[in-house]
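For reference, the structure is listed below as structure tokens.
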């Protein structure tokens, strides 16, 4: 008897989960802030040279995920230096969390949008210590639909250390 009740409960749960999956198939993609919608337009593969790696192009991919509620960026995907950044809206304001090859994950908020440029800066308390080396700011410039410049500002020991610039072009299929 106990076995049949447990089996019934498991089958009922499985059926309700499957019914929930069917409802997700008809959900409209999430609409975010104007800035998030702009980032969604980056979906695809991008390539470009950087001053640090001159012998081969750096690859960056963008994908819309989470039912349209987030944009995932992968820098150097499939390499030991792969890094992931997730852009998302929080209360109608865009934020990002950068999962860095340095082993930390700073969160940044959008400070300013001007023309084709978005500027992000570190949110207090999202790294272990201000002295820890970390990405502290990001400026994204999108001069047109096929070009992107990403300036990542690194801090170390509480001060600006370096700016890593990625000049990227959309890879055509």
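General remarks:
- Computed over region 59-127, relative contact order equals 18 percent, with contacts defined as Cα pairs under 8 Å that lie 6+ residues apart.
- Computed E for residue 55/residue 114 - FRET, C-beta separation, R0 22 angstrom, nearest 0.05: 0.05
- Only Cα pairs under 8 Å and 6+ residues apart enter the sum, and on that basis the relative contact order of region 34-170 stands at 17 percent.
- Across region 106-166, Cα pairs under 8 Å and at least six residues apart give a relative contact order of 26 percent.
- Applying 0.36 nm per residue to the separation of residue 84 and residue 31 and subtracting their alpha-carbon distance, the gain on full extension is 16.9 nm.
- Stretchable slack from residue 162 to residue 146, in nm (0.36 nm times residue separation minus alpha-carbon distance): 3.1 nm
FYI, it's all coordinate maths here, none of it is from the lab. Nothing here was measured: the structure is a model prediction, and the numbers come from that model. Cβ atoms come from the backbone with ideal geometry, glycine included; neighbour counts cover every protein chain shown.
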